[in-house]
Structure formats: C-alpha cells, structure tokens
Amino acid sequence: MQNEFSNIKSIARGTFNETFIEDGFFVLTHKNETNTVEILEREIDSSYIQFHFCVKGALNFIFNQGNYSLTINEFSSLLLYNPQRDLPIHVELQPESSLVSLVISIKKFHGLFSKDANYITFLTEDNRDKKYYKDGVISPSMTVVLNQMMNFNLNASIKTLYYKGKAYELLSLFFNKNEDANIEQCPFLVDEENVAKLKMAKDIIVTNMAEPPTLQELADTIGLSLKRLKEGFKQIYGDTVYSFLFDYKMEVARKLLESGDHNVNEVGLKVGYSTASHFIAAFKKKYGTTPKKYVQSKS
C-alpha cells in the first residue's frame with residue numbers, strides 16, 4: 001500500500017508523552033500542533049496489545065520497514081496484536097493531528113477478562129496465537145474520555161491516577177457491546193435518525209454556547225421529546241446537556257486565555273457570562289484556579 005502522505009516534504013521527528021499506569025500498562029499521547037508531518041517511533045515487543053485512537057486529523061502507521069502502511073482518520077481506532085513478532089510503533093502524524101495509544105501486556109489484559117475470555121474474539125483458545133488487526137469507529141462516549149486525556153489540566157501529581165482511571169474507562173467503552181446496551185437502556189437510540197437528532201442537538205448548543213436554547217426549545221428544534229433528549233444525550237455523550245456545554249465552554253475559555261488575545265472579561269462574554277464574577281466562579285469550579293492565575297501559570 002502506498003503511503004498517501006509521501007508527497008509531503010516537510011517532516012520532523014516527534015516524541016511521545018508517555019505515562020506509566022502500572023506494570024505492563026502505559027499510555028502514549030501526542031499532539032502535532034505544527035504545520036509539518038511528525039514521525040513518532042516506539043519499540044513494542046510481541047507480548048503487548050496496542051490500542052491507537054486518532055482524536056483529531058489523520059495518522060499513517062508504517063509496518064514492515066515501510067513496505068506497508070495503514071491510514072487512520074479522525075474518530076477512528078486501530079487495535080494491533082501479533083504474538084509471533086514484535087510490532088514497533090512507527091506513525092506519521094499529519095499537521096494538527098493528535099493520537100492517544102494504550103499499550104497493555106497480553107497477560108494483564110487477559111486477566112481483565114479471565115472470567116469470560118470468549119467475550120473478546122482474540123482471547124479465545126482458537127485465536128490466542130493468531131495476529132489481530134482491527135480498525136473501528138470511536139464512539140461519542142470514547143471521544144469524551146479521549147479529549148479529557150488530551151486536555152488534562154489537573155495537578156501534575158495526580159496525572160498517573162487520572163490516566164489510570166481514564167485508560168480503564170476507555171478499554172471498557174472500546175469493548176462494550178453497544179448494540180445490546182442500547183437496546184436495554186434506551187431502545188429508541190437504535191434508530192439512526194434519533195442518533196442524528198441528538199448529534200444535531202450537540203451542534204446547536206456548541207454553536208450557540210453564549211446564548212443556548214432551553215432544553216424544551218432544543219427538544220422542539222430537533223424533533224424529540226424532552227425526556228428522550230435528556231436520556232439520549234446522556235447516553236451518547238456521557239453527560240447532561242448543560243454539563244456537557246459547561247465543559248465545552250470552559251475548554252474554549254481556557255484556550256482563549258492561553259492565546260493571550262483577550263482579557264478575562266472578553267473571554268467571559270464570548271462563552272456566555274454577562275459578568276466577570278460569574279465567569280471567574282465558573283472557571284474556578286472547573287479548573288480549581290482563577291482565570292488570572294491560570295494565565296500567570298502559563299507565562
């Protein structure tokens with residue numbers, strides 16, 4: 001397979017941000033915020049399973065000394081396991097792309113599912129010695145967790161603990177049999193049309209974050225009942241409508257403050273707070289510090 005990024009001349013070396021979770025388990029993350037392709041490499045032996053998630057942009061995995069490549073686009077995942085040979089990571093990140101990878105030993109991973117190994121296809125006795133490559137789509141619930149990991153803003157001393165919780169949550173969501181869970185918990189979500197309506201609701205509140213509609217107005221606009229809006233939104237996005245919007249607004253505010261182009265009052269207005277005091281209180285609730293102190297900590 002030809003490398004579709006080979007025509008891009010500007011290439012740089014990057015490094016993974018590596019977080020040790022526990023023996024046999026670590027997380028690799030990287031944001032390429034440049035306008036060049038970045039190459040990242042990491043030796044991984046055959047006793048490990050790799051889960052790669054393209055959170056943004058596009059990635060190109062290179063195998064067998066460049067003889068084979070596989071492109072993973074935004075909101076897509078790739079599972080790699082080959083017990084017969086080492087699978088070193090060699091990945092090209094397109095500009096403005098980001099990657100989260102979970103790397104876990106087969107021994108530790110098997111222990112997670114030892115009571116029901118048949119739940120995971122490649123853990124069954126028949127498949128245990130076979131290689132396994134699987135690409136897939138990142139669910140909205142997984143997207144929330146991945147973005148939380150990429151935008152970690154808590155005290156550095158608890159990063160390992162935070163990542164440990166998120167990494168296991170991500171594995172749980174990755175192997176969750178969504179079709180069964182959805183039918184049990186919220187049958188109407190089986191209908192793709194209703195899922196599209198809930199995604200529309202998310203787009204509406206994000207676009208109108210400074211002056212969002214009421215829940216009833218939102219339900220009327222997308223054509224769902226208020227109850228179905230509330231239940232469905234929480235199931236897909238892992239949070240209530242307004243809690244999701246609050247987190248989104250605070251993330252926008254954080255990035256605006258970091259840019260240095262706006263003062264605290266201006267940022268507060270842009271994300272929907274009519275007074276600086278209300279914005280400061282909201283920001284402190286989310287990040288544990290005031291906007292001013294946050295900016296000072298970044299300078």
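Between 105, 97, the distinction of being more than 26 Å from residue 34 (Cα to Cα) and among the hydroxyl-bearing types (Ser, Thr, Tyr) belongs to 105 only.
Conditions tested, residue by residue: (1) in contact with a strand residue (DSSP E or B) (Cβ under 9 Å, 6 or more places away or on another chain); (2) of a type in the set (D, E, K, R); (3) over 23 Å from residue 164 (Cα atoms).
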| residue | (1), (2), (3) |
| --- | --- |
| 43 | yes, yes, no |
| 56 | yes, yes, no |
| 61 | yes, no, yes |
| 76 | yes, no, no |
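If only one of 77, 10 is in contact (Cβ under 8 Å) with a residue 12 or more places away in the chain, among the hydroxyl-bearing types (Ser, Thr, Tyr) and surrounded by 18 or more Cβ atoms within 10 Å (Cβ to Cβ), which one is it?
Working: 10 fails: surrounded by 18 or more Cβ atoms within 10 Å (Cβ to Cβ).
Among 77, 10, only 77 is in contact (Cβ under 8 Å) with a residue 12 or more places away in the chain, among the hydroxyl-bearing types (Ser, Thr, Tyr) and surrounded by 18 or more Cβ atoms within 10 Å (Cβ to Cβ).
Would you mind stating whether residue 271 is touching a Lys or Arg at 6+ places or on another chain (Cβ under 6 Å), surrounded by 14 or more Cβ atoms within 10 Å (Cβ to Cβ), of a type in the set (A, V, I, L, M, F, W, C) and under 21 Å from residue 205 (Cα atoms)? Reasoning before the result, please.
Numbers: touching a Lys or Arg at 6+ places or on another chain (Cβ under 6 Å): yes; surrounded by 14 or more Cβ atoms within 10 Å (Cβ to Cβ): yes; of a type in the set (A, V, I, L, M, F, W, C): yes; under 21 Å from residue 205 (Cα atoms): yes.
Criteria met by residue 271.
Of everything listed in (1) more than 19 Å from residue 135 (Cβ to Cβ); (2) assigned to a loop (DSSP other than H, G, I, E, B); (3) not basic (Lys, Arg), the single unmet condition for residue 19 is (2).
State whether one or more residues within region 188-200 are at pLDDT 90 or above, within 24 Å of residue 282 (Cα to Cα) and either in a helix (DSSP H, G or I) or over 17 Å from the mean Cα position of the chain (by Cα) (or both). Checked against the condition, which is being at pLDDT 90 or above, within 24 Å of residue 282 (Cα to Cα) and either in a helix (DSSP H, G or I) or over 17 Å from the mean Cα position of the chain (by Cα) (or both), region 188-200 yields no hits at all. Filtered by the rule that a residue be among the small types (Gly, Ala, Ser) and touching a residue at least 40 places away in the same chain (Cβ under 8 Å), region 267-299 gives 272, 288.
Select, from 72, 44, the only residue that is surrounded by 15 or more Cβ atoms within 10 Å (Cβ to Cβ), in contact with a Leu (Cβ under 6 Å, 6 or more places away or on another chain) and either at pLDDT below 90 or not in a strand (DSSP E or B) (or both). Before you say what the answer is, go through the steps one by one.
On the way: 72 fails: either at pLDDT below 90 or not in a strand (DSSP E or B) (or both).
Testing whether each residue is surrounded by 15 or more Cβ atoms within 10 Å (Cβ to Cβ), in contact with a Leu (Cβ under 6 Å, 6 or more places away or on another chain) and either at pLDDT below 90 or not in a strand (DSSP E or B) (or both) leaves just 44.
If you go through region 153-175 and keep only what is among the basic types (Lys, Arg) and either surrounded by 17 or more Cβ atoms within 10 Å (Cβ to Cβ) or within 15 Å of the chain's Cα centre (by Cα) (or both), you end up with 164, 166. Count of region 15-35 residues, restricted to those that are surrounded by 15 or more Cβ atoms within 10 Å (Cβ to Cβ) and either β-branched (Val, Ile, Thr) or farther than 22 Å from residue 160 by Cβ (or both), is 5.
With the structure loaded, tell me whether residue 298 is of a type in the set (D, E, K, R) and surrounded by 16 or more Cβ atoms within 10 Å (Cβ to Cβ) or whether it fails that test. So residue 298 does not fit the description; no.
Screening residue 82 against (1) surrounded by fewer than 15 Cβ atoms within 10 Å (Cβ to Cβ); (2) within 24 Å of residue 108 (Cβ to Cβ); (3) of a type outside the set (A, V, I, L, M, F, W, C) leaves a single unmet condition, (1). Note on region 140-152: residues that are surrounded by 18 or more Cβ atoms within 10 Å (Cβ to Cβ), farther than 20 Å from residue 200 by Cβ and either small (Gly, Ala, Ser) or at pLDDT below 85 (or both) total 0. Within region 229-258, restricting attention to residues that are among the basic types (Lys, Arg) and either assigned by TED's automatic domain parsing to the domain that holds residue 153 or under 13 Å from residue 199 (Cα atoms) (or both), the residue that is nearest to the chain's Cα centre (by Cα) is 234. State whether the residues of region 111-130 include one that is among the acidic types (Asp, Glu), at pLDDT below 85, under 20 Å from the mean Cα position of the chain (by Cα) and surrounded by fewer than 17 Cβ atoms within 10 Å (Cβ to Cβ). No: zero hits.
The values are calculated or read from the model by the stated rules, or taken from the named source; none is laboratory data. None of the values given here were measured: they were computed from a predicted structure. FYI the Cβ positions are ideal-geometry reconstructions off the backbone, even for glycines, and counts take in every protein chain you see.
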